[in-house]
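Okay, so here's the structure we're looking at.
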Amino acid sequence: MNLRQTNLERLAKESFDVLIIGAGINGAIAAAALSTQGAHVALIDRGDFASLTSQESSNLVWGGIKYLESFEFGLVRKLCRCRNELIASYPASVREIRFLVTLARGFRWPRSMLYAGAWFYWLIGSGFTRTPRLLSRSAISREEPVVNVGSSPGGFEYSDAYLIDNDARFTFRFVRGALDYGAVVANYAGASHSARNPDGVWVTPVTDSLTGSRFQIRSRTLINACGPYVDAYNEASAQPTEHCHVLSKGIHITVKRLSATPRVLTFFASDGRLFFVIPMGPVSCIGTTDTRVALPETVVSEADRRFVLDNINKRLRLAKPLTPDDILAERCGVRPLAVSRSRGDTATQDWTALSRKHVIELDPRTGYMSIFGGKLTDCLNVGREVSAALHTFGIRLPFRRTKWYGEPDRKIRDEFLHRAALLGLDAMTAPESSEPMSKRLWRRYGWRALSLLEDIRQDPRMAEVLIKGTEYTRCELYHAAQHEMVTRLEDFLRRRSKIALIARRDTIRQAPGLMEACRILFGDDAQARFEEYFADRSSV
Ligand SMILES: Cc1cc2nc3c(=O)[nH]c(=O)nc-3n(C[C@H](O)[C@H](O)[C@H](O)COP(=O)(O)OP(=O)(O)OC[C@H]3O[C@@H](n4cnc5c(N)ncnc54)[C@H](O)[C@@H]3O)c2cc1C
C-alpha cells in the first residue's frame, strides 16, 4: 500500500486535533507549523497539493514596492520582514534578485521620485538587501541590450527575492514537512462541507476523487484554507464571516530566455501596473495581468495573451516580435483578495489598489478558522498566526517553541556538499543548466538528499538525467515515487518539478525517458497516467 492509501485509511479511522481543508501555501504552512508543534493534524486537498493559486504566482518573494503607492506602509513593512526571513531561512531556495526598472517618458511619477521611493522601500525592508542604483538610459542599454530604451528617461535598480524553483515546489516543502512530523495528508480528497456534532466534534464528509469512495474525517477544530473557494466552503458549512473574497485574475506566459542576466526586467504596462520578465531556468516568465473576475475558474483568454505580448514587444528590442507561437507554456490563476463584506461591492472603485493583506477569522466558540487573502511571501506570518489561534481554541501544542520552518542548518548542508563532491556531483551539470547537481539536489530535497547520494553510490545510473531535455535525474524520480505522493503525471511535471513550465507539451511527450519515468512513478498504471496527462488539454 502506498503512502496516500495508508493516509486515506487513517483519515477515516482517526480523530484529529485539526483538519485543514486546502493544501495551497496557507494550508500547507499551517499543517507544517501545527504538526511540528505537536498537534494531530489532517490535511486534505481536492486536487493535488498547490494545484490552484499556489502554482500560478509570479514566484516572487517580495515586500510589494507597488503598495507604497497606496500608502500601505504597514503591509509593506510586514511583507519585507517576511521576505527577509524567507531569504535568511531558505538560502538555497529563496534568493535576492535585482529588479531593473525602465521607465517610459511621461510616466505618472518622475524618475527621481521613484528612485527616492526605492530607497524608502530599502529602508522599510531594514536595509537587508543590496542598495538601489540609479541608471541612465545608456547604462540600461549597456547592461540589458534587450531592453528597448526608446525615449525612456532611464530607470533604477532595486532588490527583492524570488523562488529559484517554483511556487508549487516551495509549497510542497511544507506538505512534506507536515508529513515528517506526523500529519496525515492526502491529495485528491475533496470535502463537501463540515458540520459540528452536538458533542463538539466536527465531521467532514470527504470524497476520494480517484476512486469515488467516501468517508468522514472527525476533528476538534477546522481550518478553511480553500483559497478562492473559502467563501463557497463557509457557505456550504453555514459559517457566517465578516470577510469574503473578491477575485483578481492574473496570467503569465513562458518563452525562451530573453536575457541571460539573473535580473527581473521591470516595466509599467499600458494599464500603469508593474509588469515583469522573470528568469526561470532556461525560460523567461512574463506577466502579469490584474482583472476582476466573478468565479475562481478561469482560463487564459485571447485578450490576456495579446495584452502580455503587446506590452512586452513594445518594451523589448527583439530580432522578431514575440507571437503566440513563441509561447512554451501559459499559467492563469485568481488572487483571492480579502475584503470586509460591507466593502465587497465598493471594491471595484479602486481595484488594483485593493489590499493584499491576509485576514484570519476565528470562531473560538466552535473552533473554526478561515484564512482569507494574503501572499505567498506572507506564509511564515500565516503559520505563526494559525498556531497562536489554535492555542486559543484550547488545542494543546506541547512543542510550541520548536522551530517549524527553514532549511537544515549549515553543518548538515556542508556535510551533504562534501559527500556529493566525493561522488563528483559538484562537477556534474544538466545540459539545460550550469548549476552543479549537488546544489540542485540540496535545494530541492534538503536533508533527504543524503539518501539520494546513497542511491547514486549503489548505482551510478541514478545520477543520469532521465527525462531528456530536463535536469531531472533517475534518483529524483524514484524519490518522488516514494516520498512525494505523485498521483498523476501532472503532479510531477507541473508541481514537484517545473518541466511543464519550461517545455512544450509535444517536446515533453517525445522526451526520451518519459515512459521510464512513468513506470517508476506509477508502475503498472504508467501507460494510463501518460495517456491521461496528454489527453487533458487543461494541463499546461
Ligand atoms: C497571477 C498571480 C501572481 C501572484 N504572484 C505572487 C507573487 O509573486 N508573490 C506572492 O507572494 N504571492 C503572489 N500571488 C499570491 C499567492 O499566489 C496567493 O496568495 C497564494 O497562492 C494563495 O494560497 P492559498 O493557500 O490561500 O490558496 P490556494 O493555493 O488556491 O489553495 C487552496 C487549496 O484549497 C483546495 N480546495 C478548495 N476547495 C476545497 C475543498 N472543498 N476540499 C478540499 N480542498 C479544497 C484547492 O484545491 C487548493 O489547492 C500571486 C497570485 C496570482 C494569482
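The values are calculated or read from the model by the stated rules, or taken from the named source; none is laboratory data. Model, not experiment: these values are computed from the prediction. Cβ atoms come from the backbone with ideal geometry, glycine included; neighbour counts cover every protein chain shown. SASA here: full protein model, heavy atoms, side chains in, ligands and nucleic acids out. Shrake-Rupley method; radii C 1.70, N 1.55, O 1.52, S 1.80 Å.
Compute the normalised compactness of segment 198-329: alpha-carbon radius of gyration over 2.2 N^0.38 Å, N being the residue count. Its radius of gyration relative to the 2.2 N^0.38 Å reference: 1.51. Element breakdown for the chain at a 1.4 angstrom probe: carbon and sulfur atoms account for 52% of the accessible area. Sorting M437, M428, M1 by accessible area puts them as M1, M428, M437; the probe is 1.4 Å, largest comes first, and only protein heavy atoms count.
Neighbours of A50, meaning other residues whose beta-carbon lies under 9 angstrom from its beta-carbon, give a summed charge of -1 when Lys and Arg score +1 and Asp and Glu score -1. Stretching the chain fully between H391 and T6 yields a gain of 135.7 nm (0.36 nm per residue, less the alpha carbon separation).
Quote to one decimal, in nm, the extra length available between A260 and R401 on full extension: 0.36 nm per residue of separation minus the C-alpha distance between them. Answer, rounded to one decimal: 46.4 nm. For the pair E96 and R341, what calculated FRET efficiency results from E = 1/(1 + (r/R0)^6), where r is the Cβ-Cβ distance and R0 = 35 Å, to the nearest 0.05? E(calc), rounded to 0.05, equals 0.35. One equal scatterer on each Cα of segment 31-113, no solvent, Debye formula: the resulting log10 I(q)/I(0) at q = 0.11, 0.19, 0.23 Å⁻¹ is -0.52, -1.15, -1.25. With runs of 4+ DSSP H residues as the only contributors, calculate the mean residue ellipticity of the chain at 222 nm using -39,500 (n - 2.57) per run, divided by the residue total and rounded to the nearest 500. Dividing the helical sum by the residues of the chain leaves -10000 deg cm²/dmol.
The packing ranking of peptides 4-10, 392-398, 156-162, highest mean first, is 156-162, 4-10, 392-398, where packing means the average number of other beta carbon atoms within 10 angstrom of each residue. Could you tally the net charge around T102, taking each other residue with its Cβ under 12 Å from the Cβ of T102, Lys/Arg +1 and Asp/Glu -1? That works out to +4. Summarising the label geometry, the points placed 7 Å from Cα in the beta-carbon direction at S301 and S126 lie 4.3 nm from one another. Computed over the alpha-carbon pairs of the chain, the distance histogram in 20 Å steps reads 21, 56, 22, 0 percent, short to long. Across segment 379-516, Cα-Cα pairs farther apart than 28 Å form 32% of the total. Using the beta-carbon distance between L422 and Q482 and R0 = 22 Å, what value does 1/(1 + (r/R0)^6) give for FRET efficiency, to the nearest 0.05? Result of the calculation: an efficiency of 0.35. Taken along the Cα-to-beta-carbon direction at a fixed 7 Å, the label points for S136 and S355 span 4.4 nm. Fully extending the segment from F215 to R77 would add 45.3 nm, taking 0.36 nm per residue of separation and subtracting the current Cα-Cα distance. Based on the Cβ-Cβ distance from A236 to R384, what FRET efficiency comes out when R0 is 22 Å, to the nearest 0.05? Efficiency for this residue pair is about 0.20. Protection proxy ranking for 185-196, 465-476, 133-144, using the average of other Cβ atoms within 10 Å per residue and placing the highest first: 465-476, 185-196, 133-144. Solvent exposure of the chain, expressed per residue, is 41 Å² of accessible area, with all protein chains present and a 1.4 angstrom probe. A crude spin-label estimate for the pair D524 and V293, with each label 7 Å from Cα along the Cβ direction, gives 4.0 nm. Considering only V146, S136, F49, and ranking their Cα positions along the charge dipole of segment 1-156 that arises from unit charges at the beta-carbon of Lys, Arg, Asp and Glu, the one farthest toward the positive end is S136. Two decimals is fine: what is log10 I(q)/I(0) at q = 0.12, 0.25 Å⁻¹ for segment 134-224, from a Debye sum with one equal scatterer on every Cα and no solvent? With one equal scatterer per Cα and no solvent, log10 I(q)/I(0) is -0.63, -1.18.
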